[in-house]
Each structure stands twice: as C-alpha cells, then as structure tokens.
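See structure below.
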Amino acid sequence: MVLEAIEIEYRRYRDMGAGGIRQLDDAQLCDRGGGGNNSVCMLVRHISGNFASRFTDFLTADGEKPWRDRESEFDPTPLTKAEIEERWNRGWGVLFGALEELTDADLGRPVTIRGQQLTVMEALQRSLAHVAYHVGQILYIGKSLLGEDWKYLTIPPGQSASYNRNPTLERSAAKI
C-alpha cells in the first residue's frame with residue numbers, strides 16, 4: 001500500500017516531465033539559457049543516469065555504481081528529442097522495474113548509497129524528492145521558453161475553482 005502510493009507519485013512526475021518534454025523542440029530541449037544553466041537535455045541525462053545507478057541491483061549494491069559518469073550527465077552536447085525521450089523512458093524503466101520487485105515489507109530493509117546506509121523507505125523518499133525537484137526545473141524551463149504557448153500540466157492560473165470541482169490530476173495514468 002505504501003509502495004503503491006510512492007509509485008503513483010513517481011508516475012505523476014514522469015508524466016509531467018514527459019508532458020513538458022513533448023512541448024519543446026530539439027533546440028529548446030538543449031537551450032541552457034544564460035549563466036550556464038542546465039538544459040532539459042542535461043536534466044534528462046541526469047535523471048536517467050541517477051535512476052539507472054540507484055535502482056540497478058537496488059537491494060544488493062551501492063546505489064552509486066562505479067560505471068556511472070555523473071559529470072557527463074551535465075555535458076552540453078545536444079541530443080535530439082527522440083534521444084531525450086529514449087533516455088527518459090530508459091531511466092524510468094529501471095526505476096519501475098526495481099519497484100516491481102519490492103513489497104511494503106521491504107521498506108525497512110537497508111540499502112546503500114555512496115557508502116551511506118539508508119532504509120528502502122528513506123532511499124525512495126530521497127529519490128522522489130530529487131526527481132520532483134528536477135521535473136520542476138524541466139517545467140520551469142519549458143514555460144520560460146514557450147511563454148504564452150505553454151500548455152499547463154497542472155492547474156492553470158485562474159482555474160482552481162473549476163479544477164476543484166473535478167480534480168483529474170491527482171493520480172497518474174495507468175501503469176506502463
């Protein structure tokens with residue numbers, strides 16, 4: 001029951017991020033703006049790399065794998081929209097594959113991330129907060145680039161009362 005709620009939240013953030021990515025073209029996805037900011041492309045590389053590292057052999061190996069090259073995730077080399085979507089889906093696939101193997105009875109089990117021992121629950125909470133932060137960045141970047149052409153993925157300004165009569169965004173789409 002707890003894992004189901006966590007998975008639902010992960011899926012909501014996956015869907016929001018994907019909705020933001022879909023609205024941008026190749027150039028916008030790789031636009032860093034001013035001041036050396038991260039692009040959506042970089043954030044997708046990072047989220048995917050993080051999920052692959054953390055959730056491959058989740059219960060049995062340190063979540064910071066020796067094969068992960070975190071620094072390269074922030075490489076400004078552009079990717080196409082198709083490449084970005086493929087990386088996005090691959091990273092989420094690793095996460096959801098690991099979640100399928102867990103039950104609520106596992107939430108107190110120990111896992112290790114960068115040599116630090118956490119419970120499964122702590123690691124999932126940390127991961128969910130991490131991805132929520134970065135999905136928020138993706139959406140902020142998208143709205144900044146598209147302005148009035150941005151299609152809201154949450155409640156649009158001025159529509160709270162209408163939304164509250166029919167709250168459709170509270171749960172993610174069905175499992176994929």
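Since every read-out is calculated from the coordinates, none of them should be taken as a lab result. All values reported here derive from a predicted model rather than from experimental measurement. Heads up, the Cβs are rebuilt from the backbone with ideal geometry, glycines too, and the neighbour counts pull from every protein chain shown.
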task: Please find, within region 11-45, the residue that is surrounded by the fewest Cβ atoms within 10 Å (Cβ to Cβ) out of those that are hydrophobic (A, V, I, L, M, F, W, C) and in a loop (DSSP other than H, G, I, E, B).
output: Cys30
message: Quick check on region 71-121: of everything there that is part of a loop (DSSP other than H, G, I, E, B) and either touching a residue at least 60 places away in the same chain (Cβ under 8 Å) or of a type in the set (Asp, Glu) (or both), which residue is surrounded by the most Cβ atoms within 10 Å (Cβ to Cβ)?
response: Leu102
query: Hey, among Leu153, Leu118, Leu128, which residue is more than 17 Å from the chain's Cα centre (by Cα) and not hydroxyl-bearing (Ser, Thr, Tyr)?
result: Leu118
- request: Determine, yes or no, whether Ser48 is in a helix (DSSP H, G or I), farther than 30 Å from Trp150 by Cβ and of a type in the set (S, T, N, Q).
  value: no
message: When you check Asp57 against the structure, is it in contact (Cβ under 8 Å) with a residue 12 or more places away in the chain and either surrounded by 12 or more Cβ atoms within 10 Å (Cβ to Cβ) or not in a helix (DSSP H, G or I) (or both), yes or no?
response: no
